[in-house]
Amino acid sequence: MEWSVAVAGSTLAAGFVAVVMWYYQSKRNPRSPAQAHAVQTHRPQIPFFNPSATGGRRSARVSDSDLLPFLPTAPAVPQLDLHTIGCLRFDTEAASYSLRLREVRSDMVSDEERKNGAVLSDLPFWRREFALNAILIPKFRSWENLCLFARKMDGFNKRDGVDDWCRTVSITLPLDGIDMGTQRHDTVDAASGSFKLYPENLETLSWKGNRLQLPFFFKDKFQHLTRLVIRCELSAFDFVDILRVGRRTLESVEVRTIVDHDEPTLQRTSVGERAPYVMEGLRSLTVVSKVDFHEVVSLFKFHKLEEITIVSGSTNTFNLDFFTQFDTNDLKRIKRLDAHCFVGEGERRLLEKHISGIVKVQDRPPGERDFSIEN
């Protein structure tokens, strides 16, 4: 027993001495980088950051070529072949289709066309009223893209069921206009006449864009249009022509903003020709104008008008000639007049005397924000 304990003690002592000798030996003769790498094959390290390879110091012998395999490199940017296409989507909850131009990669064109086809194939089965929102963003403001946009609207409006169920259309175009390039006006007229831009039974139209595109989208008369909203800096001549387009069917008209343009854009008629024009069913009229417009409005007869909103930036006092086309019964029919313009005290008393409904006049002159077509 005593002999076994002695042997164990001597073994432990010898092991302790071996460990101490190994420690001092490793301090005097450290492993070479190759040996260290061979021992730690499970942890490959970048030479620049490997302390065992440099003795804990930054090695001056590590060159950039040694680091190249480990440095991250930016991937090459692929040259994408982009195509401009029309994308049609349907919002079930809102019961509305949306049409937009988009740029997609060439390998995605077929996918987008399949999506469009699926939407169109379901269209005949949607036997309820729906709307179309067509938007052309400024990025695509070229003549070619406008024609592509119109061609997609034409294809949609010729589908079965659109004439019966699409009653509302909203069109949004770049406010800066379309880059027409070298296109002549006769080319524009011919192109616009070849597209069916609206369904037959359209009742509500909201149009926002540049006045130079008015002829493209207001080529024909509307047979069933009852509500029209125009957000565009247009001339007083254009205002007259737009009212004339729907004088037999329109019930509500909102136009903002009439500005000082000398030439008509639509070029259908001149002020004074075949006046007065009878607005047979118009009940609500909103006009926002930076200039005096009472002369062009006086070209019309309003026998059913009930609500009038006027925002005028003219420095002239509100001219009662606006109401010369109203007889006594017409004035009694007006339920509300909201005038935001210069109105003298005498004019105000006359309005309150002749109009049986609410007369609201804002004393302060309208500001630039009041004329914004974004309101």
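The values are calculated or read from the model by the stated rules, or taken from the named source; none is laboratory data. This is a predicted model, so every value here is computed, not measured. Using ideal geometry, Cβ is built from the backbone for each residue, glycine included, and neighbour counts are taken over all protein chains shown. These area figures cover heavy atoms from the full protein model, side chains too; ligands, DNA and RNA do not enter into them. Shrake-Rupley method; radii C 1.70, N 1.55, O 1.52, S 1.80 Å.
Descriptive notes on the structure:
- Selection count, region 336-375, where residues are open to solvent by less than 30 Å² (accessible area, probe 1.4 Å), closer than 18 Å to PHE293 by Cβ and touching a Leu at 6+ places or on another chain (Cβ under 7 Å): 2
- Selection of strands (runs of 3 or more DSSP E) fully inside region 80-159 by the criterion of at least 2 residues being over 18 Å from LEU202 (Cα atoms) returns 82-91, 96-105.
- The test for being open to solvent by less than 20 Å² (accessible area, probe 1.4 Å), of a type in the set (Asp, Glu), under 27 Å from MET279 (Cα atoms) and not in a loop (DSSP other than H, G, I, E, B) holds for ASP241.
- Filter result for LEU282 (open to solvent by less than 30 Å² (accessible area, probe 1.4 Å), outside any strand (DSSP E or B) and modelled with pLDDT under 85): no
- The number of residues in region 160-174 that are out of contact with any strand residue (DSSP E or B) (no Cβ under 7 Å at 6 or more places or on another chain) and in a helix (DSSP H, G or I) comes to 3.
- Residue selected from region 190-221 under the condition outside any strand (DSSP E or B) and of a type in the set (Ser, Thr, Tyr), by the criterion surrounded by the fewest Cβ atoms within 10 Å (Cβ to Cβ): SER194
- Filter result for GLU295 (modelled with pLDDT under 80, under 16 Å from VAL240 (Cβ atoms) and open to solvent by 30 Å² or more (accessible area, probe 1.4 Å)): yes
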